Amino acid sequence: MSSSGEPKILLDCDVVIHFLKGGKILELPTIFPGRFVMLDKVYNELLKRNSNALAIAVFLASTQVPVITMPTKPEAAYCQLNNIVYYTTMDLLHEATVKKIMTDAACNAFIQEVLSKGSRLPNITMAQYRKSKGL
């Protein structure tokens with residue numbers, strides 16, 4: 001749990017890569033300050049991607065995202081036991097709009113940038129995401 005009692009948020013490889021490709025890696029830690037954690041296997045996988053290794057290392061060092069050891073229990077059980085939740089890229093973008101860190105227009109441009117660089121996202125606009133979630 002974070003110092004505020006709120007659950008930690010597990011960063012996965014896709015989320016970090018999306019925020020790098022979308023040019024918003026510095027905005028990522030501002031969405032949920034002090035709440036992100038990363039599994040060591042994700043950290044190692046990210047650093048193996050030579051084209052992104054430096055940007056990832058700088059991001060992790062500057063934001064001080066804790067890297068935790070891969071649990072021996074199944075990930076879902078470990079996360080539940082340790083009050084860790086998972087949010088997708090789209091979930092994080094939605095929260096960024098709620099907190100006024102990014103506008104819908106900025107998020108939509110981000111989505112198009114990420115898609116243009118070969119990544120996949122389930123929605124192409126924030127309006128489409130909200131409709132799919134009933135928000």
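The values are calculated or read from the model by the stated rules, or taken from the named source; none is laboratory data. What you see is a predicted model; the values in this text were computed from it and never measured. As a convention, Cβ positions derive from the backbone with ideal geometry for all residues, glycine included, and neighbour counts pool all protein chains shown.
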* **Options I111, I101; residue that is within 23 Å of K131 (Cα to Cα), outside any loop (DSSP other than H, G, I, E, B) and touching a residue at least 12 places away in the same chain (Cβ under 8 Å)** => I111
* Asked: If you go through the range 75-98 one residue at a time, how many are surrounded by 13 or more Cβ atoms within 10 Å (Cβ to Cβ) and outside any helix (DSSP H, G or I)?
  -> 6
* Asked: Among (1) loosely packed, with under 14 Cβ neighbours inside 10 Å; (2) touching a helix residue (DSSP H, G or I) at 6+ places or on another chain (Cβ under 6 Å); (3) free of Cβ contacts under 8 Å to residues at least 60 places away in the same chain; (4) not hydrophobic (A, V, I, L, M, F, W, C), where does T72 come up short?
  -> (2)
* Consider N52 carefully, then state whether it is at pLDDT below 85, out of contact with any Phe, Trp or Tyr (no Cβ under 7 Å at 6 or more places or on another chain) and closer than 16 Å to V15 by Cα. => yes
* Residues E6, E45: which one is among the acidic types (D, E) and modelled with pLDDT of 90 or more? -> E6
* Complete set of residues in the range 64-98 that are at pLDDT below 95 and either of a type in the set (G, A, S) or on the phi > 0 side of the Ramachandran plot (or both) -> Q64, A76, A77, N83
* If you check D14 against the conditions, is it more than 19 Å from V114 (Cα to Cα) and surrounded by fewer than 16 Cβ atoms within 10 Å (Cβ to Cβ)? -> no
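Scan the range 114-128 residue by residue and report those that are outside any loop (DSSP other than H, G, I, E, B), closer than 21 Å to I25 by Cα and touching a residue at least 12 places away in the same chain (Cβ under 8 Å). I'd like the intermediate steps shown before the answer.
First, the residues of the range 114-128 that are outside any loop (DSSP other than H, G, I, E, B): 114-116, 126-128.
From what's left, closer than 21 Å to I25 by Cα: 114-116, 126.
Passing the criteria: V114, M126.
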* Give the range 56-69 a look and list any residue that's part of a helix (DSSP H, G or I) and loosely packed, with under 15 Cβ neighbours inside 10 Å, or say none. => A57, V58, A61, S62
* To do: Taking only the range 57-107 into account, find how many residues are more than 24 Å from P122 (Cα to Cα) and aliphatic (A, V, I, L, M).
  => 10
